[in-house]
Amino acid sequence: MTARVIVERRLEAIGLGDRIDDFEQRIVQRTGIGFAARNVREWAGHVSVPTYLYQVRDDVLTHPSDVQAMFDNIPVWEKTLHWIEGTTARWDGYLEFQRRPEPMLDWFTKYMV
């Protein structure tokens, strides 16, 4: 997940969506690293192995476009993006493997055996 998007969503949820720049300044003061240096969409461009991403499409902490951009930036052909539908609960993403393991097990069989 892109740190900036998650922080923006959390700040919006508490009515402070316009304070993202102030928050980033505090992060830089504490860590020396701003959001631009934490850009996982950019990092995805360095992936060189088969990749399986899954995400709650309507997760309240991100935007589907952020996850899609990360996926699109992965330069390998052997990649899958599995959307978890019908929920906004991030926790449902963590439970996806327990609830519906077949897509992931099929992927593991194809690329890890």
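A few comments on the model shown:
- Out of Asp66, Asp59, one residue alone is assigned to a loop (DSSP other than H, G, I, E, B) and under 12 Å from the mean Cα position of the chain (by Cα). It is Asp59.
- Single residue of the range 1-26 satisfying the filter (part of a helix (DSSP H, G or I), over 26 Å from Asn73 (Cα atoms) and not acidic (Asp, Glu)) that is least open to solvent (accessible area, probe 1.4 Å): Leu11
- Restricting the range 65-113 to residues that are in contact with a strand residue (DSSP E or B) (Cβ under 8 Å, 6 or more places away or on another chain) and among the aliphatic types (A, V, I, L, M) leaves a set whose member that is farthest from Trp43 (Cα to Cα) is Ala89.
- Yes/no for Leu61 being out of contact with any Cys (no Cβ under 9 Å at 6 or more places or on another chain) and over 23 Å from Glu12 (Cβ atoms): no
- Any pair with Cβ under 9 angstrom, 6 or more apart, that starts in the range 95-113 at a residue that is more than 16 Å from Leu53 (Cβ to Cβ) and ends at one that is of a type in the set (D, E, K, R) and surrounded by 12 or more Cβ atoms within 10 Å (Cβ to Cβ): Arg99/Asp92
The values are calculated or read from the model by the stated rules, or taken from the named source; none is laboratory data. Computed from a prediction, not measured in an experiment: that's the story for all the values here. Ideal geometry is used to build each Cβ from the backbone, glycine not excepted, and the neighbour counts take in all protein chains shown. What goes into the accessible areas is simple: the full protein's heavy atoms, side chains included, and nothing from ligands, DNA or RNA. Shrake-Rupley method; radii C 1.70, N 1.55, O 1.52, S 1.80 Å.
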